Structure formats: C-alpha cells, structure tokens
Amino acid sequence: MSQPTILCIDDEALGLKIRKIVLEQAGYQVLTAEDGPAGLRLFRDHPIDGVVLDYYMPEMDGGLVAETMRRERPEIPIMLLSAYINLPPEVVALADVTLLKGEGPAELLDKLRLMLRVSNACAPGGAS
C-alpha cells in the first residue's frame, strides 16, 4: 500500500520546507505550494489524501482555499494552520483539524494521523 500524499500550502517557505521534511521522514509523500492558487492546481491535478493549509496568505487566504477544496472534493480532509487562535468560526468549520503554528512536529504528526484515520473510517468502504 502506498503512503498517503499530503498537500502542504504555506507562503512561508521555511515553515513549508520544515513541514515537508517532517512529513517525508514520517513516510508521507508531500507536495508543496507557496500560495493558494498553486495549491489548488496541485489539488486538482494529483491524488491527495490530506491537506495542511496555512490560513494567513496573501492573494488568497486559507479560508477561500479551503472553501474551494470543499466544493470540489469534500471528502479530502483539511488541517488548517495558523499562528493566531482567533480565526473566524466559519473558516474553522471548513477544517477537519486545526493546528497552531507554534505546536511542534509531534503534534503535527499526531493530528494528521488522526485526521486521516477519521477520514478513512468515514469514506465509503472504509473501516467503521
């Protein structure tokens, strides 16, 4: 069985690079994008098992990206990242999981595993 493919979208290049390394070391395949439009292109063009999405980005914020993803492929789970705790409730509602950017790699991996497990259990033909 192949490893899940995770799409990471963040305008902060260093954070994106670190997350990619952490996820690849944990066995995930990782695609990265530095803005919302590039992330949506990857989302549309590749089989994706989960998304790690920054909220505050120029041009197109994570709320708009998540809204578009939910419209196009609602079954794909989304983890919303932010350095801020007071995100709009309607944006938080679009995410399966939220993660503060200050939380470490262990929290990222734990929340991602849980998010993917819940998503697979809810999928048609998935474990219940």
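Values in this text are rule-based calculations from the coordinates and carry no lab data. No experiment lies behind these values; they were computed from the predicted model shown. Every residue, glycine among them, receives a Cβ derived from its backbone with ideal geometry; neighbour counts consider all protein chains shown.
Only the Cβ atoms of Lys and Arg (+1) and of Asp and Glu (-1) were treated as charged; on that basis the dipole of the stretch 5-119 about its Cα centre amounts to roughly 340 debye. Sorted from longest to shortest, the spans of the Cα atoms of the chain along the three principal axes equal 38, 31, 28 Å.
Ordering Leu81, Pro105, Tyr55 by Cα displacement along the dipole of the chain toward the positive end leaves Pro105 in first place; charges were set at the Cβ atoms of Lys, Arg (+1) and Asp, Glu (-1).
In a DSSP loop and with at most 16 other Cβ atoms within 10 Å, the GluC sites (Glu not before Pro) in the stretch 42-83 are Glu59, Glu75. Label-to-label distance, Ala106 versus Gln25, with points set 7 angstrom from Cα along the beta-carbon direction: 1.4 nm.
Remark: spin-label model distance Asn120-Glu90 equals 3.5 nm, labels positioned 7 Å along the Cα→Cβ axis. Restriction of the chymotrypsin sites (Phe, Trp or Tyr not before Pro) in the stretch 1-84 to DSSP coil positions whose beta-carbon has at most 13 other beta-carbons within 10 angstrom yields Tyr84. Place a point 7 Å from Cα of Arg113 in the direction of its Cβ. Which residues in the stretch 1-32 have their backbone N less than 12 Å from it? Under cut-off, by backbone N: 26-27. Remark: relative contact order (the chain) = 20 percent; criterion is Cα-Cα distance under 8 angstrom and separation of 6 or more residues.
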